[in-house]
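One structure is given here, and the rest of the page talks about it.
The values are calculated or read from the model by the stated rules, or taken from the named source; none is laboratory data. These figures come from a predicted structure and were not determined experimentally. FYI the Cβ positions are ideal-geometry reconstructions off the backbone, even for glycines, and counts take in every protein chain you see.
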Amino acid sequence: MATAVFSKMRDLFTGTLDKDLMENLVKCHIWIIALYGAETGTVRAVDQKQLGSFEMWCWRRTEKIIWTDNV
């Protein structure tokens, strides 16, 4: 669900906004949706791994880093 929201707001998150503002937008809009499902039940190790990979996906998209780059 959070990936869909991020994709809908893609122009906003990949635009030319200030880094601090973009970070706050991701934390306020995307993480609220991503963590909503995690708080309703037990968080397993698989869920933690998926949340971690989703977080890295969000930050790579905001920084415009391709997943094949070794950064």
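Here's a check for you: in the range 17-27, which residue that is out of contact with any Ser or Thr (no Cβ under 9 Å at 6 or more places or on another chain) and of a type in the set (Asp, Glu) is modelled with the highest pLDDT?
Looking at residues that are out of contact with any Ser or Thr (no Cβ under 9 Å at 6 or more places or on another chain) and of a type in the set (Asp, Glu), I get ASP20.
How about the range 17-71: which of its residues are hydrophobic (A, V, I, L, M, F, W, C) and either over 13 Å from the mean Cα position of the chain (by Cα) or more than 18 Å from VAL5 (Cβ to Cβ) (or both)?
LEU17, LEU21, ALA38, VAL43, ALA45, VAL46, ILE65, ILE66, TRP67, VAL71
Pick from the range 5-16 the residues that are in a loop (DSSP other than H, G, I, E, B) and either among the small types (Gly, Ala, Ser) or farther than 16 Å from ARG60 by Cβ (or both): which of them is modelled with the highest pLDDT?
My answer is THR16.
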